[in-house]
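Have a look at the structure below, then the notes.
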Amino acid sequence: MTVTDQTSAPISFRPREFEVLADGTGRLLGSRCRGCGAPFFPVRAACSGCLGTDLETIRFSTTGTLYTFSVVRQSTPAFPVPYVLGYVDLPEGVRIMSQISGCEPDDVKIGMDLELAVEEFGTSPEGAPLLGYRFRPLAGRGDR
Amino acid sequence: MTTVHVIGVGMTRFGKHPDRDAADLGAEALLEAIADSGIDPRAIEGAYCGHVFQGMVTGQRILAQVGMAGLPLSNVENACSSGATAIREASLAIRAGEHDVVAAIGTEHLTTRFTGALTPDPSDPEAAVGATMPAVYAMRARRYMEEFGMTREQLALVAVKNRRHAASNPLAHFRKEITVEEVLESRPIADPLNVFDCSPVTDGAAAAILVSDRMLKRLGNGRAVRLAASSLFTGSVDTEPTSMTFEPLTRKTAEAAYERAGIGPEDVGFAEVHDCFTIAEVLRVEGLGLFGQGEYPAAVERGEADIGGRLPINPSGGLLGKGHPLGGTGVAQVVELVRQLRGEAGERQIEGARVGLAHCRGGKAVGIEGAACTVQVLVR
Ligand SMILES: [Zn+2]
């Protein structure tokens, strides 16, 4: 059986949390409570603030600041080391764990401005490339 | 309502046991606990078994091994708090009046289930982007260093202390002392943590026999230690990003235990805390209110947390020195508390120990501060 280009078009590695738009950019998905405004990542069934169940699915901003990070030197076979792992605070008030790419580990600093990037993130069981997210230094702020 | 007493404890040597399995280790610990309690095993009315990766009905396999199948038994899983949760469930069964004698067992044959870094469940969004438990704690360590000026050497001293304590524990995984330099030069795992900042992959099991007031009276066991509190909470869902250098979940679980036991943190004479990583011990003792926030690294440097110090932390060697067989850990902490409070801790005996605290915290799920946190208070 031959797999055509159409069927192997890149798709999100986690469609419930990460959406790839037609223009090729990506958005992280979460919930916002219509009752009290609390934001959540990932999508939730109810709000922990007010326990309301009227939540809307939202797309988060694509920029944030780095709360903390680590250079990971031992991991599972799915993740070749080393890689930089960080927690990124988004303006909506959620903290997202993400790999940090686009700069040398030595240049990563707490508080740096970052932006969401769509990057290859493994392959599906059928061998199709999957798209995921990493954060990179915000264009014009990082070294490159 | 009855109070609960621990009348017997047992545990295997912690370390690598290539020729054994989780049931076999659990059976050894249980038999020792029964012998230590002096109770007729036929008096045991129920059992709880904590483990994480040992598969279906591990607790039943343990009971079968020791000829005691036929009891009500539940296997409980709460990540690294599984064994502590078994203790709590056993105590609840007694407090509820359902049973007078219950066994709590914790076991794990981790070397056959895992190598390298422990990760959250693959279904978790953070696991999907490369989360490992060492990386999560490494990130907390970096942030703590930034906020409180803790040095890398101060952090290493936590491992040095716990390995020193473990050197005087014949059941510990590691029996050799290490230096700050050895910690700093050990293999990098997730910056700034090296392999000596991480608890090892350990096999082992522990068990305890718990009884009600009336059973204690009937038995007249003079070596009993009172389980004054056993609290358990899961973390709340964040509605905004919160500090990762403080542990509200540990604080909440501790406050519930202090209230139940009728004590405050100032009454605690020593503690076994969940030092899965060096930084974890720092976060835990501050969360428990045993040390002020940002103050523990300097206190370790001054020797305050040593056996013989103002407030000994992890006299058994902790997870870093004694080892961390996930399900076994919470029960083994209670074993150490009981032995210290009875004055049976040998070389590592804490003089005048009267109130001991054990803290476990395990698991990672996206968006909540921690999955399962337990605090036990034992009083002689
Ligand atoms: Zn709400």
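The values are calculated or read from the model by the stated rules, or taken from the named source; none is laboratory data. Model, not experiment: these values are computed from the prediction. Methodologically, a virtual Cβ is constructed for each residue, glycine included, from the backbone with ideal geometry; neighbour enumeration extends over all protein chains shown. The area values use the complete protein model at the heavy-atom level, side chains included, leaving out ligands, DNA and RNA. Shrake-Rupley method; radii C 1.70, N 1.55, O 1.52, S 1.80 Å.
Annotations
- Residue check, A:ALA22 within 16 Å of the ligand (Cβ to nearest atom), open to solvent by 20 Å² or more (accessible area, probe 1.4 Å) and free of Cβ contacts under 8 Å to residues at least 12 places away in the same chain: no
- Of the residues making up segment B:70-100, those that are outside any helix (DSSP H, G or I) and open to solvent by 50 Å² or more (accessible area, probe 1.4 Å) are B:GLY70, B:PRO72, B:SER74, B:ASN75, B:GLU77, B:ALA96, B:GLY97, B:GLU98.
- Applying the set (1) away from the ligand (no atom under 16 Å from the Cβ); (2) surrounded by fewer than 18 Cβ atoms within 10 Å (Cβ to Cβ); (3) polar (S, T, N, Q) to A:SER12 leaves exactly one unmet item: (2).
- Candidates B:ARG310, B:ARG342, B:ARG302, filtered to the one that is within 20 Å of B:LEU227 (Cβ to Cβ) and surrounded by fewer than 21 Cβ atoms within 10 Å (Cβ to Cβ): B:ARG342
- Of the residues making up segment B:331-346, one or more are assigned to a loop (DSSP other than H, G, I, E, B) and in contact (Cβ under 8 Å) with a residue 24 or more places away in the chain.
- Enumeration of residues in segment B:1-35 that are free of Cβ contacts under 8 Å to residues at least 60 places away in the same chain, charged (D, E, K, R) and in a helix (DSSP H, G or I): B:ASP24
- Single condition B:PRO120 does not satisfy, out of (1) without any contact (Cβ under 8 Å) to a residue 24 or more places away in the chain; (2) not assigned by TED's automatic domain parsing to the domain that holds B:GLY26: (1)
- Among the residues of segment A:55-83, the one identified as part of a loop (DSSP other than H, G, I, E, B), hydrophobic (A, V, I, L, M, F, W, C) and facing chain B (nearest Cβ under 7 Å) is A:PHE79.
- The residue of segment B:101-140 that is farthest from the other protein chains (Cβ to nearest Cβ), among those that are open to solvent by less than 10 Å² (accessible area, probe 1.4 Å) and among the polar types (S, T, N, Q), is B:THR107.
- Among the candidates A:GLY86, A:GLY37, A:GLY30, A:GLY52, the residue that is assigned to a strand (DSSP E or B) and either more than 8 Å from every other protein chain (Cβ to nearest Cβ) or open to solvent by 50 Å² or more (accessible area, probe 1.4 Å) (or both) is uniquely A:GLY30.
- Unmet criterion (only one of (1) closer than 16 Å to B:VAL282 by Cβ; (2) open to solvent by 30 Å² or more (accessible area, probe 1.4 Å)) for B:ALA365: (1)
- Residue match in segment B:71-94 (condition: over 25 Å from B:HIS359 (Cβ atoms) and in contact with a Phe, Trp or Tyr (Cβ under 9 Å, 6 or more places away or on another chain)): yes
- Residue match in segment B:257-266 (condition: assigned to a strand (DSSP E or B) and open to solvent by less than 50 Å² (accessible area, probe 1.4 Å)): no
Per-residue answers, yes or no, for (1) in the same structural domain as B:GLY327 (by TED's automatic domain parsing); (2) under 26 Å from A:TYR67 (Cα atoms):
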| residue | (1), (2) |
| --- | --- |
| B:ASN162 | yes, no |
| B:ASN169 | yes, no |
| B:THR179 | yes, no |
| B:ARG187 | yes, yes |
| B:ASN194 | yes, yes |
| B:MET215 | no, no |
| B:THR242 | yes, yes |
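- Any hit, segment B:146-160, residues being closer than 30 Å to A:LEU29 by Cβ, charged (D, E, K, R) and assigned to a helix (DSSP H, G or I): no
- Subset tally (residues that are within 16 Å of the ligand (Cβ to nearest atom) and within 15 Å of the chain's Cα centre (by Cα)) for segment A:44-74: 1
- In this structure, A:GLY35 qualifies as within 16 Å of the ligand (Cβ to nearest atom) and farther than 22 Å from B:ALA365 by Cβ.
Yes or no, residue by residue, for (1) buried (at least 19 other Cβ atoms within 10 Å of the Cβ); (2) closer than 17 Å to B:GLU126 by Cα; (3) facing chain B (nearest Cβ under 9 Å):
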| residue | (1), (2), (3) |
| --- | --- |
| A:PHE121 | yes, yes, yes |
| A:SER124 | no, no, no |
| A:PRO129 | no, no, no |
| A:PHE135 | yes, yes, no |
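- Selected residue [away from chain A (no Cβ under 14 Å), under 30 Å from B:THR3 (Cβ atoms), among the basic types (Lys, Arg) and part of a strand (DSSP E or B)] from B:ARG226, B:ARG214, B:ARG218: B:ARG226
- Selected residue [under 18 Å from B:GLY330 (Cα atoms), without any contact (Cβ under 8 Å) to a residue 60 or more places away in the chain and open to solvent by less than 10 Å² (accessible area, probe 1.4 Å)] from B:VAL273, B:VAL285: B:VAL285
- B:ARG143 being at pLDDT 95 or above, surrounded by fewer than 22 Cβ atoms within 10 Å (Cβ to Cβ), under 29 Å from B:VAL52 (Cα atoms) and of a type outside the set (S, T, N, Q): no
- Tally of residues being within 21 Å of B:VAL355 (Cα to Cα), over 19 Å from the mean Cα position of the chain (by Cα) and either part of a loop (DSSP other than H, G, I, E, B) or of a type in the set (S, T, N, Q) (or both) across segment B:292-328: 6
- In this entry, B:ALA208 passes the filter for residues that are assigned by TED's automatic domain parsing to the domain that holds B:ASN78 and either part of a helix (DSSP H, G or I) or buried (at least 22 other Cβ atoms within 10 Å of the Cβ) (or both).
- Screening B:PHE148, B:PHE174 for residues that are in contact with a Gly (Cβ under 6 Å, 6 or more places away or on another chain) and within 14 Å of another protein chain (Cβ to nearest Cβ) leaves exactly one candidate, B:PHE148.
- Taken together, the residues in segment A:89-119 that are facing another protein chain (nearest Cβ under 7 Å) and in a loop (DSSP other than H, G, I, E, B) amount to 2.
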